[in-house]
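Taking it in order: structure first as structure tokens, then the write-up.
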There are 2 protein chains.
Amino acid sequence: MSVTVNARILDMSRWEPDARGRMIRAAMELFAERGFEQTTAGDIAESAGVTERTFFRHFADKREVLFDGSEDMRRVTREAILAAPSEASPLDAALAGVTAGGGLLKDRRAHAVRRSAIIEANPALQERELLKLAGMAVTAAEALRERGTPEPDATLAAQSAVTVFQVAFARWVAEDDAADPAARIAETAAALRALR
Amino acid sequence: MSVTVNARILDMSRWEPDARGRMIRAAMELFAERGFEQTTAGDIAESAGVTERTFFRHFADKREVLFDGSEDMRRVTREAILAAPSEASPLDAALAGVTAGGGLLKDRRAHAVRRSAIIEANPALQERELLKLAGMAVTAAEALRERGTPEPDATLAAQSAVTVFQVAFARWVAEDDAADPAARIAETAAALRALR
DNA sequence: AGAGTTGATGTCAGTAACTGTCATAACCTG
DNA sequence: CAGGTTATGACAGTTACTGACATCAACTCT
């Protein structure tokens, strides 16, 4: 059963080469050009060579097309937290998590910048981004609890790390040169700890 | 000018006694009974004795009907931060802000509990709540900056305070007896500061 | 090779969230 | 009382989604 499924997944690129990727690229293009609200789901579908119905089979709603990588980031964050040394404090472990998550963006700075501009221009997209970040915090808190961190420390440390990630990411996107996001995260974490 | 506006506001209760309040109450009722998605805007309007169009003139969208007090909370939070003693640290000032904001809920525990249950049951409503909390953090950071706090400290302190508010509010809602939310905020703030 | 199965897609009809426009009635101001 | 403002109703239109059914290609099994 698992064999069949895997074979199918590997095959996916044959019948229609990367229809999903085409929709994502088309959406980014159109959102950047005309804006999110001025782009209909039908526009994206047409531009990607599929029907509107197919678009909604791939993405739960129009906004989701911009948040394709977020599951991966959640997974990586979780794994990094669980892999952190057991002596690490909850906050340190959570920061290691979001640093690993942020590492996924390192090679895609141009895409991240473009995407951020689109999201910043639309409150509905900001809402979805906030939901994804909240989901990341929930996952991080869960991982911390598995490491033995009690509540409310797990939630507080997880949420603090996500806050650091948000601020550091914004600074990284605003930069001219393409430093590693991890550097910004470390700086921002230091600033957070310095708060009294 | 301000006089005319105020006269109107005070008069509002005459022509149609509290149409807005009726819509809010009807929405809470229906959301709690059937759920958010199973309730149409038309249902709420009808139940409040107005047209669907009137509903959308009062609320930007179906979700907004649950977030009527959030502007007040933002304003109170801002004012408390600006009123905090100038010796107070950014984090202390921000915490004073959210404590004052949370004070608005003290006398409406039953309503807050009911509302929380509705929101918790629906991701779309959670998104909106997160947007409101993010707005609160932005306002708080703004107020801190007016007090002279530089970035990124203003944003970090503001966001930390909002995180404390979220956790404390969740605990306050889950409690059986109705303590002051300020007590929970203080406890949670202490836990945050104890993180290393 | 041929029949049945599975997975992605197209087609089409339907619901509900909004939005724009115009008309009306109550109120306020002068 | 005339004129402007404000809240509303009535109605038409767009778009985000959803469900049901048909198709078509690849894969499985025999």
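Coordinate-derived values only; no laboratory data. Note that this is a predicted model, so its numbers are computed, not measured. So basically every Cβ, Gly included, is an ideal-geometry build from the backbone, and we count neighbours across all protein chains shown.
The table below gives the values:
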quantity: Proximal lysines relative to B:Lys106, as straight alpha-carbon distance under 23 Å, when same-chain residues fewer than 8 apart are discounted; calculated: B:Lys132
quantity: Estimated vicinal HN-Hα couplings, Hz - the range A:169-182 in sequence order (Karplus 6.51, -1.76, 1.60; Gly, Pro = x); calculated: 5, 4, 5, 4, 5, 7, 5, 8, 8, 9, 5, 6, x, 4
quantity: Calculated label separations, A:Arg193, copies of the chain, 7 Å along the beta-carbon direction, nm; calculated: 1.9
quantity: The range B:91-106 - phi-based ³J(HN,Hα) in whole Hz, Karplus 6.51/-1.76/1.60, Gly and Pro as x; calculated: 5, 4, 4, 5, 5, 4, x, 5, 5, 5, x, x, x, 5, 8, 3
quantity: Relative compactness, the range B:70-194, computed as alpha-carbon Rg over 2.2 N^0.38 Å; calculated: 1.02
quantity: Hz values of 3J(HN,Hα) by residue in the range A:111-120 - Karplus curve (6.51, -1.76, 1.60), Gly and Pro given as x; calculated: 4, 5, 5, 4, 5, 4, 4, 5, 5, 4
quantity: Cα-centre dipole for the range B:15-66 with unit charges at Cβ (Lys and Arg positive, Asp and Glu negative), debye to 20; calculated: 140 debye
quantity: Within-11-Å neighbourhood charge of A:Lys62 [Cβ basis; K, R +1; D, E -1]; calculated: -3
quantity: Unit charges on C-beta of K, R, D, E only; dipole of chain B, Debye; calculated: 160 debye
quantity: Residue (of A:Leu192, B:Leu105, A:Ala161) at the positive-pole extreme of the protein assembly as shown, dipole from beta-carbon charges; calculated: B:Leu105
quantity: Relative contact order computed over chain A (Cα-Cα under 8 Å; 6+ residues apart), in percent; calculated: 19 percent
quantity: For the range A:69-158, size of Cβ-based charge dipole, Lys and Arg +1, Asp and Glu -1, in debye; calculated: 440 debye
quantity: Copy-to-copy label separations for B:Arg75, where each label sits 7 Å from Cα toward Cβ, in nm and ascending; calculated: 4.8
quantity: Pseudo-label separations to other copies for A:Arg25 - Cα-to-Cβ vector, 7 Å, nm; calculated: 5.7
quantity: Spin-label model distance (nm) - A:Ala186 vs B:Ala124, 7 Å beyond Cα toward Cβ; calculated: 4.5 nm
quantity: Summed residue charge, Cβ within 9 Å of B:Pro90's Cβ, Lys/Arg positive, Asp/Glu negative; calculated: 0
quantity: Gyration tensor verdict on the protein assembly as shown (Cα atoms; rounded if a/c is under 1.5, prolate if a/b is larger than b/c, oblate otherwise); calculated: oblate
quantity: Estimated 222 nm signal from helices in the protein assembly as shown, with DSSP H stretches of n ≥ 4 weighted -39500 (n - 2.57), rounded to 500; calculated: -23000 deg cm²/dmol
quantity: B:Arg196-B:Leu82 FRET efficiency (beta carbon distance; Förster radius 45 Å; 0.05 resolution); calculated: 0.90
